[in-house]
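Values in this text are rule-based calculations from the coordinates and carry no lab data. Source: prediction; values computed, not measured. Note that each Cβ is placed from the backbone with ideal geometry, even for glycine, and that neighbours are counted across all protein chains shown.
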Amino acid sequence: MALNLSRRRVLATAAALITAVPLAALATANASVPSTPPGWTLQWSDDFNGPANTLPSSQNWIFDLGHGYPGGPGNWGTGEIQNYTNSTNNIKLDGAGNLRITALRDGGGNWTSARIETQRANFKPPAGGKLAIESRLQMPNVTGQAALGYWPAFWALGSPYRGNYWNWPAIGEFDVMENVNGINSVWGVLHCGVNPGGPCNETNGLGASRQCPGSSCQSAFHTYRFEWDDSSSPKQLRWYVDGQQFHSVSQNQFDATTWNNMTSHAGYFLLLNLAIGGAFPNGVAGHATPTSATVPGHSLVVDYVAVWSTGNGGGNPTTTTTTTSQPGGSGWDAYSEIQAEQATSRSGGTIESADGGQAVAQLRNGDSLRFSGVRFGSAAARQFYGRVASGATNGASGLVEVRLGSPTATPVGSFALGNTGGWQSWRTVPANISGITGTHDVYVTFSSGQPNAYVSVNWIRFGT
Ligand SMILES: [Ca+2]
């Protein structure tokens, strides 16, 4: 899902290869997340099991709404025209173990559809290990003129994009599956570096495509997989359809800065969406899409999404999937995840297993965490992020505050938190802070007008 403009060169080549002869309309219904192979660990998954005509879990997914992120590029940076909603007309479970994202057009010619992204934004391999991102899905079952403008995608964006929206493509984008205009082909693309040009040849990105094996991408489910291999030399990114590799890039294609900018941050979040119109389908069609011939009502059908990891000596990868800021003689890196349970000192709360790691649970008014020697460097930090959950009842809420140097100093930033859907319903909440540079003792303090626990904290970090 290139965030802007078109990729005509890649596309023209790929389009010329299309012969689109669906072999079968076997659309097998729901399977489920495959069993985890020996040596691998399931990091996260959603099987989309649940009652028919309900939304997918908000514990797993964020619903992107409208025509862009608040403060981000218009039309999601791609020129796509639809309005994203969280209506079950556009996005729902089918009751048979699948998620359906459906593009609709109203009597006025206005298109609606849906786009979701994972709450988790820290998918990356353990150091020296591998990460696999996989989905089994069926593209909208529509081809030819009726499919003009359909643009389904399963993809990942670097976590620093969330809340910033203007740092693409340096933070990295992995397009595991993209398709336009009902063509029997999957595109896999890496976006990185600078736009235009740069090491990823933006705005095209570094991509490849191929027909779906056996039956067409539109007529049947296929399995789309991306692997980030931090264990090979050189390190490598690989794309697969039904187990057949069709694209790869290697670290030695890039300068160190480009590679580090897309791999050394906290990790990636995953997205599923069905766009209508925009630069990619327009570029392939050679004209604007959709057209009056485009037929609404077709769905991207997703059986599951799963993320596995392996490596790091076979230890428990759930504690090694993120870049963790470590205390010690050199203090903490403000821009990596600072684990709450590793606080230099703590007042209140209890350490519990949570959210794929550990967290300080059940914090209440008057509690605090101290992190001694957090290094912000010379670029002013203007964002604070807390990975938090709350099962607070009866409408209780409170503040999560950041202070420098003293637990009673005036807060440099804060956010309010009430019930997130439960004590294990984790979300990353941002707050603006005044520009901070240098090295400071950071205090996270908790303030509420009522006595009960209202927040658990997994980690904190800062951003520029
Ligand atoms: Ca399923």
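Observations on the structure shown:
- Fully extended contour minus Cα-Cα distance, from SER378 to THR393, at 0.36 nm per residue: 1.2 nm
- Tensor-based shape of the chain (alpha-carbon gyration tensor, a/c under 1.5 rounded, otherwise prolate or oblate): prolate
- Based on DSSP H segments of at least four residues, each scored -39500 (n - 2.57), the chain has a per-residue ellipticity at 222 nm of -1500 deg cm²/dmol.
- For the pair ALA31 and HIS287, a Förster radius of 35 Å applied to the C-beta separation gives a FRET efficiency near 0.40, rounded to the nearest 0.05.
- Put simply, the amide H of CYS212, placed in the peptide plane, has neighbours under 5 Å in SER185, VAL186, CYS217, leaving out anything fewer than 5 places away on its chain.
- By other beta-carbon atoms within 10 Å, ranking THR102, THR85 with the fewest at the front produces THR85, THR102.
- The label point for TRP166 and the one for GLN145, both projected 7 Å from the Cα toward the Cβ, are 4.4 nm apart.
- Cα centroid of region 38-75 to Cα centroid of region 355-380, whole Å: 27 Å
- Here the residues ILE116, ILE338, ranked from fewest to most Cβ neighbours within 10 Å of their Cβ, fall in the order ILE338, ILE116.
- Beta bridge orientation in the chain: antiparallel %, DSSP, nearest 5: 95 percent
- Each Lys and Arg adds +1 at its Cβ and each Asp and Glu adds -1 at its Cβ; summed about the Cα centre, the chain shows a dipole of about 320 debye.
- Summing charges over all other residues whose Cβ lies under 10 Å from the Cβ of CYS192, with Lys and Arg as +1 and Asp and Glu as -1, gives -2.
- FRET efficiency, GLN245 to SER353 (Cβ-Cβ, R0 35 Å, nearest 0.05): 0.45
- Ranked ASP94, ASP303, criterion: other C-beta atoms within 10 Å, fewest first: ASP94, ASP303
- Amide hydrogen neighbours beyond the local backbone of ASN83, cut-off 5 Å, H modeled: TRP111, THR112, SER113
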